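Participant: Next up is a structure, given as C-alpha cells.
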Amino acid sequence: MARSCSTDAARRFNFAAGPGQLPPELLEQAAADLLDWAGTGLSVLELPFGSIEFRDLMARAEVDLRALLAIPDSHRVLFLQGGAYAHMGLLAMNLLAEGRSADYVLTGHWSERAAAEARRFGTVRVAADGADSGYRAIPPPAEWQLDPEAVYCHITSNETAHGVQFREPPETDAVPLVAGMTSDFLSAPVPVERYGLIYASAQKNAGIAGLTILIIRDDLLRAPARPLPAVFDYARQAEAASRVNTPPIFAVHFAGLLFRWLLDHGGLAEAARASERKSARLYAALDAEPLYQCPVAAEARSRITVRFHLADPARERTFIERAQRRGLCFLAGHPAVGGIRASLYNAMPESGVDALIAFLHEFAAERPAPD
Ligand SMILES: *Cc1c(COP(=O)(O)O)cnc(C)c1O
C-alpha cells in the first residue's frame, strides 16, 4: 500500500485525515518562533509554563477560540493532552457515576470506539445504531431511543473513517450532549450552547498533535465519578486553567496561531462557505464519473471527509500511487473501511481540490492497464 508521499510534483497537497494539511505561512511563523519567540531571544519551547509569557500566550489562544466559536460564559475551555481517544475514556471516568448510564449514538468507527472506551468504566446504552445500514447514513434522530435519565448522550459529529457528518446537533432535551468533534472542529460555526461537552484533538483541523481541546459546560465540572489522577480530572484542570502540570507548549502555541489565522480569514462562517464549496465540487466530480462510487447517503455526506470507492476495486492501488506521484498525497481510506478518502480541512486550498478533480477525470478516462 502506498503510505509514504515521495513525489516529484512541484506542489503537494496533503489529503490525510490527520495530522492534516497546515497553512504554509503558519509553519513558517512557528519555525521562526522556535528560534526566537516575540523578539525575546528565547525559543517558544523554552517558556516556563508558569511564566507570564506562556500564561499570556495561552490566554490569548483561549480568547481567540472563544471569539471564533462564540463560546458562551457558561462554558469553560481546557487545553489538555492525551488525544481524543484518551478523552473517550476520560470523559466517562469524569462524568459517568456508578449506577448511572450514558447514551451513545453509533454512526461509524469513531463513535464505536468512543462507546467501547466508555464501557470500560461505566454503563453504556446504545440509543441508535447505524451499523445495519453499513454506516452510510445517520439514524434519524426521531427514531433514537434516548434515556431521559442518561448522564449524557454522545455523538461523533464527523466520522473520519466512514465519511458521515451531522448537519446540526440533535435535540437531547435535558440530557447533556457530548460530541467528539475532532475532524470537523473549526470547519463551521457551532451552537456551543447546545452542548454539554465538546472534545477535539488539534491535529486534524486545529493545529498539531499533542493538544486536545475541551469545551465543557460549568455544571458538568464536578468532582469526578471516581478517583482520578489530577491531570485527568476536568474540574481540577478547569480550576488550574489547564496548568495542573506542563501543558503541550508548542501545540498550544500553534493552535493559537491557527485561531488567529482563521479570525483573519473571515472566521468560521467563511470556513464553512469554503468547505461547502470544496466538498460540493468534489462530490459533483465523483458523481459525474461512473468509475467512482460514494457510499454515503447524500444528506449525510461529510463536507470534510470525502469517501469513495472505485467501481473496479482492483484499480484502487494504482489510483492512490498515481495520485501520489502527482503530489496528491495520502488518499488511502481508513483501514477499517478501505477505499479512498480525501480530507478537506481548512488549510486545503481550492487549488488542491482542482488538482484532485483534474486527476479524477484523467484517471477515469484511461483504460485499465492489462495485468
Ligand atoms: C482522529 C480521530 C480521533 C483520534 O484522535 P487521537 O488524537 O489520535 O486520539 C478520535 N475521533 C475522531 C472523530 C477522529 O477523527
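Participant: Pick from Val190, Val164, Val231: which is at pLDDT 95 or above and either touching a strand residue (DSSP E or B) at 6+ places or on another chain (Cβ under 7 Å) or more than 29 Å from Val126 (Cβ to Cβ) (or both)? Talk me through it step by step, then tell me what you get.
Facilitator: Numbers: Val190 fails: either touching a strand residue (DSSP E or B) at 6+ places or on another chain (Cβ under 7 Å) or more than 29 Å from Val126 (Cβ to Cβ) (or both); Val164 fails: either touching a strand residue (DSSP E or B) at 6+ places or on another chain (Cβ under 7 Å) or more than 29 Å from Val126 (Cβ to Cβ) (or both).
The match here is Val231.
Participant: Given the conditions (1) closer than 12 Å to Gly163 by Cβ; (2) in contact (Cβ under 8 Å) with a residue 60 or more places away in the chain, and given that Phe308 satisfies all but one, which numbered condition is not satisfied?
Facilitator: Single failed check for Phe308: (2).
Participant: Does Ala127 satisfy the condition of being under 25 Å from Asn94 (Cα atoms) and either out of contact with any helix residue (DSSP H, G or I) (no Cβ under 6 Å at 6 or more places or on another chain) or more than 16 Å from the ligand (Cβ to nearest atom) (or both)?
Facilitator: yes
Participant: Answer yes if at least one residue in region 151-167 is in contact with a Pro (Cβ under 6 Å, 6 or more places away or on another chain), more than 10 Å from the ligand (Cβ to nearest atom) and within 16 Å of Ala115 (Cβ to Cβ), and no otherwise. Give the derivation first.
Facilitator: Step one: of region 151-167, the residues in contact with a Pro (Cβ under 6 Å, 6 or more places away or on another chain) are 152.
If we keep only those that are more than 10 Å from the ligand (Cβ to nearest atom) too, we end up with 152.
Filter again for within 16 Å of Ala115 (Cβ to Cβ), leaving 152.
So far as region 151-167 goes, yes, one or more of its residues are in contact with a Pro (Cβ under 6 Å, 6 or more places away or on another chain), more than 10 Å from the ligand (Cβ to nearest atom) and within 16 Å of Ala115 (Cβ to Cβ).
Participant: While we're here: Considering only residues that are in contact with a helix residue (DSSP H, G or I) (Cβ under 6 Å, 6 or more places away or on another chain) and either outside any strand (DSSP E or B) or at pLDDT below 95 (or both), look in region 92-112 and name the one that is nearest to the ligand (Cβ to nearest atom).
Facilitator: The selected residue is Ala92.
Participant: For region 312-324, how many residues are over 22 Å from Arg12 (Cβ atoms) and either modelled with pLDDT of 95 or more or crowded, with 16+ Cβ neighbours inside 10 Å (or both)?
Facilitator: Residues flagged as over 22 Å from Arg12 (Cβ atoms) and either modelled with pLDDT of 95 or more or crowded, with 16+ Cβ neighbours inside 10 Å (or both) within region 312-324 amount to 1.
Participant: Do we find a residue being buried (at least 24 other Cβ atoms within 10 Å of the Cβ) and away from the ligand (no atom under 12 Å from the Cβ) anywhere in region 175-182?
Facilitator: Yes: region 175-182 contains one or more residues that are buried (at least 24 other Cβ atoms within 10 Å of the Cβ) and away from the ligand (no atom under 12 Å from the Cβ).
Participant: With Gly89, Gly50, Gly18 as the choices, which residue is closer than 30 Å to Phe121 by Cα and either assigned to a loop (DSSP other than H, G, I, E, B) or in contact (Cβ under 8 Å) with a residue 40 or more places away in the chain (or both)?
Facilitator: Every option except Gly18 fails the conditions.
Participant: For Leu45, only one of the following conditions fails: (1) exposed (fewer than 13 other Cβ atoms within 10 Å of the Cβ); (2) out of contact with any helix residue (DSSP H, G or I) (no Cβ under 7 Å at 6 or more places or on another chain). What is its number?
Facilitator: Unmet for Leu45, out of (1) exposed (fewer than 13 other Cβ atoms within 10 Å of the Cβ); (2) out of contact with any helix residue (DSSP H, G or I) (no Cβ under 7 Å at 6 or more places or on another chain): (2).
Participant: Please work out if Ala142 is more than 11 Å from the ligand (Cβ to nearest atom) and over 25 Å from Lys204 (Cβ atoms).
Facilitator: yes
The values are calculated or read from the model by the stated rules, or taken from the named source; none is laboratory data. These numbers were taken from a predicted model, which means no experiment stands behind them. Positions of Cβ are backbone-derived with ideal geometry, glycine not excepted, and every protein chain shown enters the neighbour counts.
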